[in-house]
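These notes are about the structure you will find just below.
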Amino acid sequence: MRCPYCGADNSQVKESRQTEEGAAIRRRRACAICGGRFTTFERVQLRELTVVKRSGKREPFDRDKLARSIQIATRKRAVGEEVLERMISGLVRQLESRGESEVTASEIGERVMEALKGLDDVAYVRFASVYRNFSEARDFEAFVTELAQSVGKGGAHEGEDD
C-alpha cells in the first residue's frame, strides 16, 4: 500500500480488525520509509459499477464520493460515524446486488434520499436541496411542506412535539 505522506510503496500492517459487522477489515499501517501511520479499509466488492450521469457521461462508481456527500448532509447532526458507515455500506450493497453493472446517478440520489429520510430530516432536506437543485427559498418551503405532510400521515415522527 502506497504511503499517503511520502508515496513509498513499502508499508507494514501494524494492526488489523474487522469493522462494519465483519463487512470490512480496518488495517493500521506504518510506512517503512518515513514512519507515517495511516489506516486503510478492505471491503468486498461484488461488481464494478459505472455511474451514468444525466448528461450521459459514464464514470466509475466512487464509494468515497458517496460517503462525502452523505457526510456533508449530516454535518453537525447527531448521527454517529458507525451509523453512517452502515448506511453507506448498505447502499453500496444494494447497488451491487442489482445485477446491473451500470447505475444512474438519479437512482443513487433517490436511494440516498430514502436512507436519509429515515435517519435525519435535516440531513434529508440538505441532501435534497443539492440533489434536486433548489434555487430559491420557495423550493425549500415546498419540499419541507411536503415532508411535514408525509410525517403527519404516519411518518416516522408522528406524535412528537414540534
Practice prompt. Please enumerate the residues belonging to the stretch 89-127 that are more than 15 Å from residue 74 (Cβ to Cβ), out of contact with any helix residue (DSSP H, G or I) (no Cβ under 8 Å at 6 or more places or on another chain), touching a residue at least 24 places away in the same chain (Cβ under 8 Å) and of a type outside the set (Gly, Ala, Ser).
Written response: 93, 96, 102, 104
Response to the item:
Matching residues in the stretch 99-127 (more than 24 Å from residue 19 (Cα to Cα) and either charged (D, E, K, R) or not assigned by TED's automatic domain parsing to the domain that holds residue 61 (or both)) number 8
Discussion item. Quick test for you: out of 68, 77, 58, 86, pick the one residue that is modelled with pLDDT under 90 and out of contact with any Gly (no Cβ under 8 Å at 6 or more places or on another chain).
Written reply: 86
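The values are calculated or read from the model by the stated rules, or taken from the named source; none is laboratory data. The model shown is predicted, which means the values in this text are computed figures rather than measured ones. Reconstructed Cβ throughout: ideal geometry from the backbone, glycine too, with neighbour counts over all protein chains shown.
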